[in-house]
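Derivation of every value follows stated rules applied to the coordinates shown; laboratory data play no part. Note that the structure is predicted; figures quoted are calculated from it, not measured. Every residue, glycine among them, receives a Cβ derived from its backbone with ideal geometry; neighbour counts consider all protein chains shown.
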Amino acid sequence: MIINLLKGCKERSEFCSDNMDGPPGNDCCSICHGSFHIPHQANCSHWFCGNCILQVWNHGSSLQPCKCPLCRRQITLLVPSRASSQQVHNPEASDILKKIEAYNRLFGSQSAGLSQRVQDLPFLLKRLFRELIDPQRSLPFVIKARLYLAVS
């Protein structure tokens, strides 16, 4: 039964890559297997709780980006959901968002190899397209710049 639950959770997290505002309500974090708390989408399009993915990174080498627990690709960019980015007044959420920004500064600016850029392209194009269509979207400037430079 647990294996079926985990398999279903994984399939749903791969399915939700088209949803840019946040993970589906019936999805779960593939690390803690609970409801999402301050959800973030990685450059591989998988969703995680902000704190969960930070724990994965802290468990490994802090000098290298962590790898996605589902697909094992290096995570070079973590983008908060719209709801997460609006929780800056919450001290716990604000702390996690600051740590994610630091992670993005550390690993988002590294020059990725050609293969990594090709793998990231679908994710970045979807984000860029969504950004261009929705002028009300409020991604931080650093993330916007990373998206435009990665696509260029």
### Query
What nm value, rounded to one decimal, do you get for the distance between ASP21 and ASP95 when each label is placed 7 Å out toward the C-beta?
3.0
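With a 10 Å Cβ neighbour count serving as the proxy for reagent exposure, in which order, fewest first, do VAL56, VAL79, VAL88 appear?
Fewest-to-most Cβ neighbours within 10 Å comes out as VAL88, VAL56, VAL79.
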### Message
Along the Cα→Cβ direction, 7 angstrom out, place labels at GLN55 and GLN86. What is the inter-label distance in nm?
### Response
2.7
### Task
Take ASP95, ASP27, ASP21 and order them by how many other Cβ atoms sit within 10 Å, fewest up front.
ASP21, ASP95, ASP27
